[in-house]
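Read the figures in this text as sums done on the coordinates, not as results from a lab. Predicted, not measured: the structure shown is a model, and the values here were computed from it. A quick note on method: Cβ atoms are made from the backbone with ideal geometry, for glycine too, and the neighbour counts reach across all protein chains shown.
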Amino acid sequence: MKRSIALFGQSEKGEKEAMLHLRSIDECCDLLGNPPDESVGIGIAVQTLMFQYDVIFFRVEEEGFSEADYFNGFKLLENCNDLSRVNALCLPGVGDGPIIGKALSLSAQHNLILMMNENDLYDYLTNS
């Protein structure tokens with residue numbers, strides 16, 4: 001398995017409460033379908049795949065708001081056999097304190113880069 005990025009995002013298809021390992025753009029399209037309006041997760045997945053990284057995709061009901069989906073995904077990620085191949089954790093649309101707090105802890109524990117955009121970081125910092 002190549003290096004990977006763990007990514008939480010919305011999708012029209014795909015199993016929930018599971019880790020979807022994507023190795024190609026074709027797999028991404030087949031397994032996830034079209035991106036919902038205002039969702040950026042699938043777009044980030046495609047960009048990641050184009051840079052020759054695999055994507056471990058966790059489907060959430062709504063980016064940034066489905067707290068239970070994020071915590072279930074974190075639990076699956078922590079129990080992953082090969083977490084050493086994951087370089088980064090990407091949480092588009094998340095500005096929620098408890099979700100980011102858990103992501104920061106997981107990132108520090110496993111030496112992962114936490115990826116988020118400036119709007120989400122601002123929301124986190126101003127609501128903490």
Fill in: Selection from ALA45, ILE5, PHE65 lying farthest towards where the dipole of region 1-95 points positive, charges on Cβ
ILE5
Discussion item. If you take every DSSP beta bridge fully contained in the chain, what fraction is antiparallel? Give it as a percent rounded to 5.
Written reply: 20
Worksheet entry | Reachable lysines from LYS16, criterion Cα separation under 22 angstrom, eight or more residues apart if same chain | LYS75, LYS102
Response to the item:
Over all viewing directions the Cα convex hull of the chain casts an average projected area in nm² of 7.0
Practice prompt. Work out from phi, with θ = phi - 60° and the Karplus expression 6.51 cos²θ - 1.76 cosθ + 1.60, the ³J(HN,Hα) of each residue of region 28-44, listed in order in whole Hz, and give x for Gly and Pro.
Written response: 4, 5, 5, 7, 10, x, 7, x, x, 3, 6, 9, 10, x, 5, x, 5
Practice prompt. Compute the Cα gyration tensor for region 53-128, then decide on rounded, prolate or oblate, letting a ≥ b ≥ c be the square roots of its eigenvalues: rounded whenever a/c is under 1.5, prolate when a/b is larger than b/c in the other cases, and oblate in all that remain.
Written response: prolate
Worksheet entry | Sequence-distant aspartates and glutamates (8 or more away, or on other chains) whose Cα lies within less than 18 Å of LYS2 | ASP26, GLU27, ASP54, ASP82
